[in-house]
Structures are given as C-alpha cells and as structure tokens.
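Written below as structure tokens is the structure these notes are about.
The values are calculated or read from the model by the stated rules, or taken from the named source; none is laboratory data. None of the values given here were measured: they were computed from a predicted structure. Note: ideal-geometry Cβ built from the backbone for every residue, glycine included; neighbour counts use all protein chains shown. For accessibility, only protein heavy atoms count, side chains too; no ligands or nucleic acids. Shrake-Rupley method; radii C 1.70, N 1.55, O 1.52, S 1.80 Å.
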Amino acid sequence: MDYLEGLNEPQHKAVTTTEGPMMIIAGAGSGKTRVLTYRIAHLIKSKSIDPFNILSLTFTNKAAAEMRNRIEGVIGSEARNIWMGTFHSVFARILRSEAAHIGYPSNFTIYDADDSKSLIRTIVKELNLDDKLYKANIVFNRISGAKNRLVSYKEYNANPAFKTDDAQNRRPELGKIYKIYAERCFKAGAMDFDDLLFNTNILFRDHLEVLNKYQHRFKYVMVDEFQDTNISQYLITKNLSAVSENICVVGDDAQSIYAFRGADIQNILNFEKDYPTLKVIKLEQNYRSTKNIVNAANSIIGYNKAQLKKNVWTSNDEGTQIELIKSASDNEEGKLVATSIFEEKAQHQFHNKDFAVLYRTNSQSRAMEESLRKLNIKYKIIGGLSFYQRKEIKDLLAYMRFSINHNDEESLKRIINLPKRGIGTTTVNKLIVVANEHNKSIWEVLQHANQIVPGRAANAIGEFVALIKRFAIEIEKNDAYEAANTIAKGSGLLQDLYADRTVEGLNRYENVQELLNAVKEFVDNEEEVTGGEEPKDKQLGTFLQEITLLTGQDRDDDDDNDKVTLMTIHMAKGLEFKNVYIVGMEEDLFPSQMMLNSRADLEEERRLFYVAITRAEQKVFLSYALSRYRFGRLKSCEPSRFIDEIDPKFIKESSKFGGRTTQPVTQVTSQYAKNLVRGSATKPSINKASLQHTPSADFAPSDTSNLQESMKVEHPKFGFGKVTEIDNSGTSRKATVVFDNFGEKTLLLSFAKLKIHT
DNA sequence: GACTCCGATCTTTTT
DNA sequence: GATCGGAGTC
C-alpha cells in the first residue's frame, strides 16, 4: 500500500492495527491526523470495511471535512459514507431520527449558551430569587456540570450531597431551578448543548433496540482529542463499541485543556482498566517544531505531576531561542508584536498566514487588532464574539427557529415584539405564566390570546400567529434559501434595518444579507458536513442545526487566506503555524487568576501554555506588559511564573525590543470620555507610578544588577534560596539559585523576581 | 408600552 | 469598555 510509505514504525502500527480496543498517545506534532486518515483508508481499502460502518468523532467539523477529503484522495468517493463530525453534530443527527423514543419532536431546537442563560434568568426571576446570588453563569455551569456527569434533575434533587453543597454555597434552590429548567426545555422542544450528549445516553440506556442498531452499524469507532472528552461522551462511545470492541481513541494527556467544561483526564488514565486487552501505541516523534521549541515545551510540562510517561523528541533543526518581548502597557505590547511581525516578514520572506497571535482571553484581541491595522497587516480573528451572536442575526434566526418549532420559548421572546407590534413584556410574561400554570404549550396559549390579554394586544398576537403559520408552510414547501428570504422580508426585519441609515444600521443590514448568502451557499453546497446515509436535505432546519453546532475553527470561512491569525489558545488546538506569538504572559492573566481561584488547577493552565508553544514550527515569541487595562482600569502586572519555568537555555530577551524606553500610556478611561461629553470631566486618573513594575504590595523585587554569589534571596513562588552561580557569559545574565524547598533553578536576571536579603 | 439615560457588573477558556 | 436592567418620562 503506497500510503503506508513514509510512516515511522509506531505510526505504521497505529494505522494497521485495526481490531480490538486501542489507545494512541499522540504527542504534539506527531502526525496524528495523518495516522487517523490512513487508518480509516486502510480499514476500507485493505480490510474491505464498509465506510458506512465507521464512526469517526473529531474535535471540529472542519477537521472532519478535511479528513474526509484526504481519505477520498486515497479510496475515492466511498469516503462520503463515513460518519464523521463532532460529538455534538453526530449525535444531534442521531437524536433527530430517534427523538420520538425520548418524547422529543424531531424538529427540536438546539439552545445555545445564550438561550440557556436567558431561560435561567427568567426562571430565577419567576421564583423571586436573588439574581445576584443566582447568577445565570453560575447556575448554568452547575446544571451543565451535573448533566456532563449524567446526573438528571431527579437524581440531583434526590441526592443530599448536592443539597448540602448548594446550601453551603448559599444557593439552596439550585436543584429546583435545575428541575424547572429541564422541564421548560423539554416543553419548548429544546435541547441545550449538554442535552445532546445527555439525551443520547438516555436514549441508549432506555432503548436497547436503538443502541443495538447503532452498535451494529458502527463496527469501528474512533475518537480524536480523547483527552478532552467528558464522562457523558466517554459513555456514549463505550456503549456504541461494546459489541465490536473496535474502539480506537487518540489523544495527548499533556494537551487536556477542557476540564472546565467537564472533560475528564481520568478517561485517558482509566481507559486501560475498562479495556484489559487494550493496545497502547505512543507517537513520540515530533515533525512540526524545532528542537528548541520541543525542548522548551518539555521543560515546562515537566512541572506537571499528573501525566503519562512519554518522550517527545524531534530530528528537526535546532532552531532559534524563544524570544521574550517586554512592554510597558497592553497597547505598547500590541505595537511591539505588530512591529515584530512586520520585521520578521521583511527579513525572512514570511507571509501573514505564517503568524498566529495567541492569547488567554478574547478581550486581549482589541489591542492587537488596532496595532495590526495601523501597520496594514491583514488579520483574522477566530472565535470571540461570532457572527451568529450578533443581535440582528440572532433575531432573524429566532424567527426561523420559531417558525420550525412553535414552542421555542426563547425565540418567541426575542421576536414577538420585533419589529414593534404593540406586544409588550407585560403581555408576554402573562402568556408564559398562563402556559406554565395550565400546563399548556406556548403555541396553544398564543392561539387563544384573546381570552387572556386585552383586545388590542390580542389582535396583534393574532396577526403574529398568522405570520408564523405562513412561514411554517413556506419552510415546509421550499428550500432553505427561499424560506429564509420570505422570513427576512415577511417579518419586517429587513425593512426595519434598511430604514436605519446610520453606519451601524447599514452594517446590520449587510450582516443579515450575509446570513442569507450563507443560507444560499448551504443550499448550493453539495458537500456533506456530517456524513451518513440520507441524502443531504436543504431544509432550513438542517441549516439551523449546522450553524448552532459550528465550532470556532469551523467558522473560519475567510476566502483570503493570507492573514495573521488571532485567537485564544483554546481555539488553537490542533492547528499549526510557522511563528507563534503568545501575548499577555502575565501572572493572574496567564495563568488565569479566575482559574486558580475557582478550581485551583495550575496544571491545566500549564498544559494550555504547552499547547500554545507546540503550535509553532519555527519560532515562538512570548510577550508581557507591565501594565494592562482590565475592567477599564489600568493595573500593574508581573511576568508570568511560566516564563521562569522555561529552561533558560531555550529563551532569550528580544534584542530588538527588550528594555526599550516606553511611551507613557495616553489612553483614557471610558468614564472619563463620557464625562468629557457631559462637560463634567475631572482629570484623567492615570497614575504614572502604576506603570512601574510593582508586582505586589508584599513582594517588591530588588535590583538584581549587583546580585552576587552566595547572596540570600527570596522568590515569590519558590521562597528562600541561595545564589550559587552568576553567569555573565551570554547575552543576558543568569543566576543559579538553590531554593530551600524547590532545589536548584536557573533564572534570567533581567526579569527574575528576586528580593535580596543581606 | 416605548424610549432614554444612568449605573452596575462583569471577563477565563467553548460545544 | 460593553452590556444589561432599572428608573423615570412621554
């Protein structure tokens, strides 16, 4: 088989070992996608397995589509029949055809996180609970966590452990909210993201004949990014492959970064116990990065205790050291990074697309964008506030959703008075309360509105109902594009936006047009995204499902590819770039203070750092600022502890930018700008002293320029220690310190946070 | 019921 | 620096 040529030994084994349970531990850059692709091709070509019997779960739909293309290149058009996609999209599809078994309509709506939180807010209000205490985010996370561990609201309320736990957190009513939330979703014919997995589990648990059907269909199951699956997902795959036991999981424990949404690293560590005959293959050779990058990454991840043994290595070139860029403020950081990209491009003939800027939080993109724009460097942002979260888009989508599923409460609330029809919140709330009290569906209540609300509102509702009925017929009869057009025009949304001639209004109008284009593209597009046996249908409902389940990377449909990519580190999973800038390398930002406060999981943050660095093929830049705007306030920052953790051999300060005298910050706060407009402005309150590097009140590092051997020092993280060696030989000074509790460490003096004790 | 203005609050990360 | 909700007014 020609496709087997050029594989190294473990890769070859991973491709050709097809039977029985198997785990592939794939280090960063070890050619995992290649292995997965060829493995499927091999199953079909050499083992004559029907593509129809293969299920491959990937991290993004885009990855699935690309893999399908590559397999098609090897085996031909048969590849179309492989079931491929994300957990959510594959099982949403299965749930649609099996919905009746669990009492759902097959046209159920999928609630995104915004819908879920909005519903939670409504419930909290209805129960007269304190919305400061029962914040939508907190409640939602709690419910989500329960569902991901397969705890139903009944089990939740029956288990005293949850009760006492909630009571201790001063939120005793959480169980009640969970119950009402679940009931309301069910009544609205809606599933949230977690329900897609939760209900699949219920379906398989309670309907063995259904499980059996899929067990026999999916004779070979593959799971990519296994380290980021949660218990719910794990159980689905385990059940599906219980008959054939041909389950192959691929993952890297060092890249597990989704514990916060229920991913359980124990899945990977316990897999062996569940499958005693498990074969384990390790892919340890890195083909992506330079030696310097691989070794630096290894030196970081070495600090983690929880990990499987593996030895990632590369035969690639040595490469250059990681460069450290220091700046006075977040705005200057943007400037320096943009300038650096500009210069790298000029010096080494790189293209824009060879660069990625990675950050911990989405809000960090702003400063970068500004600077890149100023230097005329094209960029694109992956993730963040997506197109589909814009108000005008959500409004139109809500019309579509409600026209398909007349009980979708969240969509109804969005559109019933949009454009204004004289149906106010008082009326809507009354209707919802009546529906819930009499256990009637919203749709039913709407049709008898005249018995509940005054004549004028009732008339308006009557017209609204007629409108929706018209749309429903339209959707039934026509393809998605025609239906979407009718809805956009018939609802009055399009005219409303057209009438608004402001810049924002024009923008919104264009966005809606763009959405309609996307529907058109969907209708025209012959490609299948999810795979499976049915011919692709061009119904509006299918379009809606696809866009709700798009992952961040899926949404990257920019035709102009030569752009610098900006995204969070989470979004960068599975991608690679020639050069990577990791910005905002500051304590409390990365590692995130929030993460450390809420879950105390420094190791996950470190894995995130590991993921970020290993995206790069050639060069890594780390950047930190000494001050940064957060919550509209300028705060001083200290360099991240992660910088210290890199073995100094692999890192150096950027000769171009390190230590340059920096501009004072001239930005003013939004409050100041507002006051200025009102004419009541007081002086801008930028404190110049705050620009100086003052890590924390109780730990002020000393000037290390006169640090000498055998001096006693203190470090904020490592505690007390003694200097054993000062190294002045290189471009930057280094000190070796033996810490009382942490042993010997070598620190770069120019940014070492050391306090000298004389 | 619609509209406007002000202040509070928030920011991890995502399907 | 954006969004949301509440209060006040038409």
task = May I ask you to evaluate 6.51 cos²θ - 1.76 cosθ + 1.60, the Karplus curve with θ = phi - 60°, for each residue of the range A:64-76 and list the ³J(HN,Hα) values in order in whole Hz, giving x for glycine and proline?
result = 4, 5, 5, 5, 4, 4, 5, 5, 4, x, 8, 10, x
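Antiparallel DSSP bridges in chain A: what percent, to the nearest 5? Please report the intermediate quantities before stating the final value.
Details: 27 of 75 bridges.
Restricted to chain A, the bridges split so that about 35 percent are antiparallel.
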message = Just to verify a number: what accessible area does A:His448 come out at with the full protein assembly present, 1.4 Å probe, Å² rounded to tens?
response = 90
query = Within the accessible area of chain A, what % is carbon and sulfur when the probe is 1.4 Å and the other protein chains stay in place?
reply = 49
Estimated distance in nm for a label pair at A:Arg390 and A:Ser598, the labels positioned 7 Å out from Cα along Cα-to-Cβ = 2.9
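Just to check, using Stokes-Einstein with a Kirkwood Rh over alpha carbon pairs, what's the diffusion coefficient of chain A at 4 °C and 1.567 mPa s in µm²/s?
On the way: Rh = 28.8 Å.
Roughly 45 µm²/s, to the nearest whole number.
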ask   = Taking the Cα atoms only, what angle lies between the long axis of helix A:330-348 and the longest principal axis of chain A, rounded to 10 degrees?
value = 80
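What ranking, highest mean first, results for peptides A:476-487, A:130-141 when packing means the other Cβ atoms within 10 Å averaged over each residue?
Values: A:476-487: 19.0, A:130-141: 15.2.
Ranking, from highest mean packing down: A:476-487, A:130-141.
So if the hydrodynamic radius of the range A:391-527 is defined as the Kirkwood radius over C-alpha pairs, what does Stokes-Einstein give as its diffusion coefficient at 20 °C and 1.002 mPa s, in µm² per second?
136
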request  = Take each of the peptides A:372-380, A:356-364, average the number of other beta-carbon atoms within 10 Å over its residues, and list them starting from the highest.
outcome  = A:356-364, A:372-380
message = Under the rule of at least 5 residues apart or a separate chain, name every residue whose amide H is placed under 5 Å from the amide H of A:Lys563.
response = A:Lys353
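Order the peptides A:161-171, A:93-103 from the highest to the lowest mean number of other Cβ atoms within 10 Å of their residues. Can you show the working numbers first?
Working: A:161-171: 13.3, A:93-103: 16.2.
The most tightly packed comes first, giving A:93-103, A:161-171.
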query = Under a point spin-label approximation (7 Å from Cα along Cα-to-Cβ), what is the A:Arg456-A:Lys273 distance to one decimal in nm?
reply = 6.7
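Rounded, prolate or oblate: which fits the range A:187-323, taking a ≥ b ≥ c as square roots of the Cα gyration tensor eigenvalues, rounded meaning a/c under 1.5, else prolate when a/b beats b/c? It would help to have the intermediate numbers written out before the result.
Working: a/c = 2.82, a/b = 1.98, b/c = 1.43.
Because a/c hits 1.5 or more and a/b exceeds b/c, the range A:187-323 counts as prolate.
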request  = Would you mind checking the tilt of helix A:365-374 against the longest principal axis of the Cα atoms of chain A, expressed as 0 to 90 degrees and rounded to 10?
outcome  = 70
task = Sum up the charges of everything whose Cβ sits under 10 Å from the Cβ of A:Phe355, counting Lys and Arg as +1 and Asp and Glu as -1, but leave A:Phe355 out.
result = +3
request  = Round to the nearest 10 and give me the degree value, 0 to 90, for the angle of helix A:32-45's Cα axis relative to the longest principal axis of chain A.
outcome  = 50
ask   = With θ set to phi - 60° and the Karplus curve 6.51 cos²θ - 1.76 cosθ + 1.60, what are the ³J(HN,Hα) couplings of the range A:560-573 in order, to the nearest whole Hz, using x for Gly and Pro?
value = 7, 8, 8, 9, 5, 9, 10, 6, 6, 4, 4, 5, 7, 4
ask   = Taking the range A:25-90, how much of its Cα-Cα pair set, in percent, is spaced more than 21 angstrom apart?
value = 18
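Express the accessible area of the range A:17-153 per residue in Å², computed with a 1.4 Å probe while the remaining protein chains stay in the model.
On the way: 4920 Å² over 137 residues.
In whole numbers, the range A:17-153 has 36 Å² accessible per residue.
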remark   = Taking a ≥ b ≥ c as the square roots of the Cα gyration tensor eigenvalues, with a/c under 1.5 meaning rounded and otherwise prolate when a/b beats b/c or oblate if not, the range A:115-208 comes out oblate
key: Cα centroid separation - the range A:340-416 against the range A:580-633, whole Å   = 20
key: Accessible area of the range A:581-636 divided out per residue, in Å², using a probe of 1.4 angstrom   = 33
query = Karplus couplings for the range A:180-185 from phi (6.51 cos²θ - 1.76 cosθ + 1.60, θ = phi - 60°), rounded to Hz, Gly and Pro as x?
reply = 5, 4, 5, 5, 5, 4
